[in-house]
Amino acid sequence: MKFAPLHPVFAAEAQEIDLSRPIGRAAVAEIEAAMDRYAVLVFHGQDLTQDQQLEFTRRLGPLDPGRHLAVRQQRRVRPEFADVSNLDEAGRVADRNHRRILSNMATRLWHTDSSYKQPAAKFSLLYCGAIPDWGGETEFADMRAAYDALPDRLRAEAEGRSAEHYVHHSRATLGFAPSPEDIAGAIPPATWPLIRTHAGSGRQLLYIGSHATHVVGLSVPEGRVLLQDLLEHATQRQFVYAHRWRAGDLVIWDNRAVLHRGRRYDLSQPRDMRRSTVEDALP
Ligand SMILES: [Fe+2]
């Protein structure tokens, strides 16, 4: 396996590996070490069935059930996956007002997967089956580099503070109201420090994003303004890698180390994407 950097501070393309075949322990260790360094790995030209993707995902840790704990829906893909396509249960392009299309619209906002629960997500593995003619890039922002470049005053304000993250918050900010059943069954909010230490690399980083509702110990408005300032700092272009998808790409990112967002695309064309997720199991 070889790793070719894609950006000055993070992200690399992994070459000379076929993920549809069983992956040995040495290769898993190599991928984990590369994840600690690059935080985002791109694998081109992968031809993966759902089973093969899940088999590889499980080699990296326990599966994260994500929102399926709280939200029941008809499924196009196996229940272990998050369906981030614009396809309906029958595999056709869904109406742009389909409830899941509207719900997935929240993925356009900078976030880190499953930060609304404990444990949150460690790795996400997003596989691309088909892409529309325009848009749909996934952008990643390196929260380690963003932390390193924090202005002193902003760092001092964030130090020792935590934010609460809630499963329905990012959707609510777009005006997508959860149903009464969704609210009743919601995962309890999770609280995370704004500044954390990355277990694999020992680096300090910012842990923020659009699931964060408020900063503990500050008024809601003051906390949200602080979160907004941190987000604006952390998503400056020098910290961002934009991935332009090709069919057959698998991209893995470390949710502890990067924020991500999907970009808008032509909703009338199929965008076939499925995500498997590894939980950040607590020791
Ligand atoms: Fe996501």
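A few comments on the model shown:
- For GLY160, the test of being modelled with pLDDT of 95 or more and part of a strand (DSSP E or B) is failed.
- Sole exception among (1) open to solvent by less than 10 Å² (accessible area, probe 1.4 Å); (2) outside any loop (DSSP other than H, G, I, E, B) for ALA145, by number: (1)
- Selection within the range 263-273 - surrounded by fewer than 22 Cβ atoms within 10 Å (Cβ to Cβ) and within 14 Å of the ligand (Cβ to nearest atom): ARG263
- Failed item, numbered, when HIS111 is tested on (1) open to solvent by 20 Å² or more (accessible area, probe 1.4 Å); (2) within 15 Å of the ligand (Cβ to nearest atom): (1)
The values are calculated or read from the model by the stated rules, or taken from the named source; none is laboratory data. Small disclaimer: the values here were computed from a predicted structure and weren't measured. Cβ coordinates were reconstructed from backbone atoms using ideal geometry, including for glycine residues, and neighbour counts include every protein chain displayed. The protein model used for the area step is the full one, side chains on, heavy atoms only, and it has no ligands, DNA or RNA in it. Shrake-Rupley method; radii C 1.70, N 1.55, O 1.52, S 1.80 Å.
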